[in-house]
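First the structure, in the form of structure tokens, and then the observations on it.
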Amino acid sequence: MNQSQIDSLRNAPVEPFHHLIDGQSVPASDGETTTVVSPIDGAPLTTYARGTQADTEAAIAAARRAFDDGRWSDIAPTGRKKVLLKWADLIEAKALELAVLGVRENGTEIGMALKAEPLSAVATIRYYAEAIDKLNGEITPTDPAFLGLVHREPVGVVGAIVPWNFPLMIGAWKFAPALAAGCTMVLKPAETASLTLVRVAQLALEAGMPAGVFNVVTGEGPVVGAAIAASMDVDVLVFTGSGATGRRLLEAAARSNLKRVYLELGGKSPNIVFADAPNLDDAAKVSAMGIFRNSGQVCIAGSRILVERSVHAAFVEKLAAQAAAIKVGDPLDSATQAGAVNSERQLRQNLGFVAEAREAGRKVIGGDRILQETGGLYMSPAIVADARPEDRVFREEVFGPVVTVTPFDTEAEAIALANDTSYGLAAAVWTSNLSRAHRMVRKIRAGIVHVNTYGGSDLTVPLGGVKQSGNGHDKSLHAFDKYLDLKTAWVKL
Ligand code: ADP
């Protein structure tokens, strides 16, 4: 990636986007569109179709037909693999173009966006494509007079509702295993990150995926998302987003066809630094990136740092130095480390948390709205250096570049503080004591516990939450469990 390639794409005109339904690019049934405003400079970028209930139902009907007639699920796994691998190649060839388009829409810094978006989707598609012809069924050890077979069958039509922070990465965590498994899909992107998902779905057609297998309907959550959740024809619903929406999806499933609902609902992840951390400078540096990259708009962000009291002051000083050194600004400048905040609403919310902490008398470093003259949405990293468990900023997910630091005295207190949250997505422990590291891994209620690092796990390990962070897993071979049903054949010989 070089800057001149990025610059040649940064002002390219973007044509209006439509839905992709049954292999066709179609506008909304009532012709309505939504204007995409870039968080880089507040300027309009393009429009996309504002989906209606009828659009969504048409997409679901297309996915249903495509599943039921076996045009995809009845292809041998090696055949689906071939299409998926070709698709991955097509995305890879357009990676920079897709990354820049995505950044213009959602504001993520390009260095991260390129890796975490198109290239991550490419790797994810390849991973599940390569896996799908290696999953065996079972013959069970029954009485010789019988034969017990366990088949693994695609679940049917999958609805996916995805967020705006990493649309392609999180989207691919869902569509790659679902499509590899032989399911068909209707995907709804977030309102502020729709374009790249439509493009990627068009590339699937080009790679030879049959029409109707992968449909994308753009538009608003309470219209398009709600229609997917309420559908009698969607068999499984997968979601990443807020807890409030997650609850609505469960209610809609209960009221309709009891579709299985898998939720990934964010977190308030504790990042625990003991005085015996192998290297406090390294802990401060990685912890800063663990919260401030993508302006804190990362579901596993380490937003609650807990530090052993004897190193609290030193750690805060190092963290503040790291935060001050983070280059915030134009996300299409490859030197930028934290780009634009996704929306005005999100920026106001972030600043509200910071103001409240200041008013409560907490020591706050940074956390200001900056670069206003650009017309874009930018904020400097914020550290609440002496947060207390009763503070709202300690308890609620900010989804912005705001981190709390809270001192503790003992391992038991660290565990109690870490688990004092309704969430359970991610955590980290920094220590040189091997036994303590493993004790902490066991005691912290979270889907992933990092040791002496933060973030950066690869596709081989599952990601999913406990408590109110959700259920089910993305990534790893376990992701197939959501998209493949077990079916028993019990045969009398
Ligand atoms: P955030 O606050 O991070 O934007 P949301 O849960 O609102 O989280 O958004 C995540 C996804 O859920 C987006 O694609 C959004 O459009 C969708 N969504 C929002 N409200 C609803 C709803 N009532 N029903 C279905 N989907 C929704």
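At-a-glance table
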item: Extreme residue, positive dipole direction of the chain, given options GLN297, GLN468, LEU332 (C-beta unit charges); result: GLN468
item: In degrees, nearest ten, helix 195-206 long axis to first principal axis of the chain (Cα); result: 30 degrees
item: Long-range amide H partners of LEU187 with built H, under 5 Å; result: ALA160, ASN215, VAL216, VAL217
item: Mean shadow area of the chain, taken as a quarter of the surface of its Cα convex hull (nm²); result: 24.4 nm²
item: Other-chain or far-sequence residues with amide H under 5 Å of ALA301's (modelled H); result: none
item: The range 130-276 - percent relative contact order, Cα under 8 Å, separation 6 or more; result: 21 percent
item: HIS151 accessible area, 1.4 Å probe, all protein chains in place, Å² to nearest 10; result: 80 Å²
item: Using alpha-carbon coordinates, inclination of helix 167-181 to the longest axis of the chain, degrees; result: 30 degrees
item: Of all accessible heavy-atom area on the range 110-180, the percent that carbon and sulfur account for (1.4 Å); result: 61 percent
item: Calculated from backbone phi, Karplus (6.51, -1.76, 1.60) coupling profile of the range 102-110 in Hz, x at Gly/Pro; result: x, 5, 4, 8, 10, x, 5, 4, 4
item: The range 128-235 pair-distance distribution - Cα-Cα, 5 Å bins, rounded %; result: 2, 11, 19, 20, 16, 10, 7, 5, 4, 3, 1, 0
item: For the chain: accessible area per residue (Å², 1.4 Å); result: 39 Å²
item: Entries of LYS82/LYS285; LYS188/LYS487; LYS94/LYS188; LYS268/LYS487; LYS86/LYS475 with Cα pairs more than 31 Å apart; result: LYS82/LYS285; LYS268/LYS487
item: Kirkwood Rh in Å, taken over the range 1-136 so that all alpha-carbon pairs contribute; result: 17.3 Å
item: Phi-based couplings in Hz for the range 239-252 (Karplus 6.51, -1.76, 1.60; Gly and Pro marked x); result: 8, 10, x, 7, x, 4, 5, x, 4, 4, 5, 5, 4, 5
item: Nearest-ten-degree value, helix 53-68 long axis tilted from longest Cα axis of the chain; result: 60 degrees
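The values are calculated or read from the model by the stated rules, or taken from the named source; none is laboratory data. All values derive from a computational prediction rather than experimental measurement. Don't worry about glycine lacking a Cβ; one is built from the backbone with ideal geometry, like all the others, and counts go over all protein chains shown. Calculation scope for accessible area: heavy atoms of the full protein, side chains included, ligands and nucleic acids excluded. Shrake-Rupley method; radii C 1.70, N 1.55, O 1.52, S 1.80 Å.
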